[in-house]
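Undergrad: Input: one structure, supplied below.
The values are calculated or read from the model by the stated rules, or taken from the named source; none is laboratory data. Note that the structure is a prediction, hence the values are computed from the model and not measured. For neighbour counting, all protein chains shown are included, and Cβ atoms are generated from backbone atoms with ideal geometry for every residue, glycine included. The protein model used for the area step is the full one, side chains on, heavy atoms only, and it has no ligands, DNA or RNA in it. Shrake-Rupley method; radii C 1.70, N 1.55, O 1.52, S 1.80 Å.
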Amino acid sequence: GRFGSGNAGIINASLSGSTSNIGQSSSVNNGPTPVYPTGTEKNSGETWFEVGRSRTYTPTADDIGHALRFECVAVDSETRSSVGAPTSIMTSRVIPAPTPTPRRLIPVNSADVMGHFDLDSRNSSFGTFTVLSYNILADTYATSDTYSYCPTWALSWPYRRQNLLREIIGYHADIICLQEVQSNHFEEFFAPELDKHGYQALFKKRTTEVYTGNLQSIDGCATFFRRDKFSHVKKYEVEFNKAAQSLTDAIIPAAQRKVALTRLIKDNIALIAVLEAKFGSHGADNPSKRQLLCVANTHINVHQDLKDVKLWQVNTLLKGLEKIAVSADIPMLVCGDFNATPGSTPHGLLAMGKVDLMHPDLAIDPLGILRPASKLTHQLPLVSAYSSFARMVGAGYDLEHQRRRMDPATNEPLFTNCTRDFTGTIDYIFYTADSLSVESLLELLDEDSLRKDTALPSPEWSSDHIALLAEFRCKPRVRR
């Protein structure tokens, strides 16, 4: 039977006319001679005692190794007496929640994208901060049909949300960019829980032109930042549906606009936050100059047969960020789930500032929205943070370990998304290399270790994506 913290989860409900074995449980002594509370029941050599009277009960560490029994009694609302026999269900013995080995931050050499060491950066820059990007897998998509290899209990939202929260808080990031956050989960869980840990929250849910489900459970992008490190200056919301409407009005003949919009309108969005850093405690900050930072958080369309739409969405986001860059000398971070693998045109546009004009993806352009492809360019000096692992000079256990988890052909991780049907990299943290340098990166996971549970999500890891985290340092501004 179960004995332990007798007060866990107790709500004093009025059940005076129920069964004789329900008593007012008091605390219990876990010493060598257990003192059982009054609500105990002994039969068949087992001792049961009451640990709660609420409709739900969350097991505690004290419950591990014990079985739990939930008893339900129908009560006459007028006489307050029980009606019929109580019904009960019993659990198997409570097991501890699996906790994975914490992922470490691996320092990377202070080298710029050309591989030149910047030995002075540690002394002359304004301060460091960390950025987390994580697609947490919305509950609405976490179905047993899709992830049949994951135990039902590990796929349930009450379990996953606690596991995700513990993981996210454990990274101690200064800025957190989450994708696939349901609006009801943002309002009822993530915003209040992260608020307790000192984070201010911003949220943009997906648009709903093509969405047919419950509006409360529609997902979006959530950006959180530490109040003691940053203050909020401005928020921009990018709705690709609106951009699609403007585009079709401008270039698509009236008779074909409906077909064009059906292809382009996919409800994807981006959330852009301009923050002001509070790096005064680092001593190198000049109070006369504001240190601003622009953080974009996005989730690009998933459909593999819409390569033109993916590229157009990424290009639209970059054009918006270019306008912000023109208006202010500001470091930029572009985070998110881009649903585009290294070597694809969206990744090429982000990382190289242009697309390969001979790329086979450009052949898929039924609406002519990518023409001429030579205009698919941007001037932001974006670099993928995790490519720093591939550029690192030197040897060492940590470095070699991480290099084995990188693809030498693309300088990106071997995977950020690992399911039974797909393993590959689709999540990135890009940064402007003229104004930021990478100090350290969260270690990558080993695919073999994840495969012991078939794939993600699993009891240990509650999303089908892995979290990416980078520590950045602001470079001193060069006056031109």
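Undergrad: For Lys196, all conditions in the list (1) free of Cβ contacts under 8 Å to residues at least 24 places away in the same chain; (2) more than 28 Å from Gly170 (Cα to Cα) hold save one; what is the number of the exception?
TA: Evaluating Lys196 over (1) free of Cβ contacts under 8 Å to residues at least 24 places away in the same chain; (2) more than 28 Å from Gly170 (Cα to Cα) leaves (2) as the failure.
Undergrad: OK, next. Can you tell me how many residues within segment 238-257 are acidic (Asp, Glu) and surrounded by 15 or more Cβ atoms within 10 Å (Cβ to Cβ)? Break it down into steps so the answer makes sense when it comes.
TA: Step one: filter segment 238-257 for residues acidic (Asp, Glu), giving 239, 249.
Narrowing the set further to residues that are surrounded by 15 or more Cβ atoms within 10 Å (Cβ to Cβ) leaves 239.
Within segment 238-257, residues that are acidic (Asp, Glu) and surrounded by 15 or more Cβ atoms within 10 Å (Cβ to Cβ) number 1.
Undergrad: Say we look at segment 169-213 and pick out the residues that are touching a helix residue (DSSP H, G or I) at 6+ places or on another chain (Cβ under 8 Å) and either assigned to a loop (DSSP other than H, G, I, E, B) or not assigned by the TED database to the domain that holds Gly336 (or both); which of these is surrounded by the fewest Cβ atoms within 10 Å (Cβ to Cβ)?
TA: Gly213
Undergrad: Could you figure out which of (1) touching a Ser or Thr at 6+ places or on another chain (Cβ under 7 Å); (2) assigned to a loop (DSSP other than H, G, I, E, B); (3) not hydrophobic (A, V, I, L, M, F, W, C) isn't true of Asp361?
TA: For Asp361, the failing item is (2).
Undergrad: Could you give every pair whose Cβ atoms fall below 7 Å, whose first residue belongs to segment 258-278 and is closer than 19 Å to Thr212 by Cα and open to solvent by less than 30 Å² (accessible area, probe 1.4 Å), and whose second residue is modelled with pLDDT of 95 or more and part of a strand (DSSP E or B), counting only separations of at least 6 or pairs across chains?
TA: Pairs that qualify, where the first residue is closer than 19 Å to Thr212 by Cα and open to solvent by less than 30 Å² (accessible area, probe 1.4 Å) and the partner is modelled with pLDDT of 95 or more and part of a strand (DSSP E or B), are Asn268/His299; Ile269/Lys204; Ile269/Gly220; Ile269/Cys221; Ile269/Glu237; Ile269/Val238; Ile269/Glu239.
Undergrad: Would you please name the residue that is modelled with the lowest pLDDT, looking only at residues in segment 145-162 that are open to solvent by 30 Å² or more (accessible area, probe 1.4 Å), within 25 Å of Gly336 (Cα to Cα) and in a loop (DSSP other than H, G, I, E, B)?
TA: Only one residue fits best here, namely Ser156.
Undergrad: Is there any pair linking a residue in segment 216-244 that is closer than 18 Å to Ile300 by Cα and part of a strand (DSSP E or B) to one that is hydroxyl-bearing (Ser, Thr, Tyr) and open to solvent by less than 20 Å² (accessible area, probe 1.4 Å), with Cβ under 6 Å and at least six apart or on different chains, and which?
TA: Qualifying pairs under 6 Å: Glu239/Thr207.
Undergrad: Restricting attention to segment 410-461, which residues are farther than 17 Å from Ser133 by Cα and among the acidic types (Asp, Glu)?
TA: The answer is Asp421, Asp434, Asp446, Glu447, Asp448, Asp453, Glu460.
Undergrad: Go through (1) over 29 Å from Arg420 (Cβ atoms); (2) of a type in the set (Val, Ile, Thr); (3) open to solvent by 20 Å² or more (accessible area, probe 1.4 Å) and name the single condition Thr223 misses.
TA: Against the list (1) over 29 Å from Arg420 (Cβ atoms); (2) of a type in the set (Val, Ile, Thr); (3) open to solvent by 20 Å² or more (accessible area, probe 1.4 Å), Thr223 comes up short only on (3).
Undergrad: If you don't mind, another one. Select, from Leu137, Leu165, Leu132, the only residue that is buried (at least 17 other Cβ atoms within 10 Å of the Cβ), modelled with pLDDT of 95 or more and either aromatic (Phe, Trp, Tyr) or touching a Ser or Thr at 6+ places or on another chain (Cβ under 8 Å) (or both).
TA: Leu137
Undergrad: Could you please find all residues in segment 64-82 being open to solvent by 80 Å² or more (accessible area, probe 1.4 Å) and over 16 Å from Val51 (Cα atoms)?
TA: Ser77, Glu78, Thr79, Arg80
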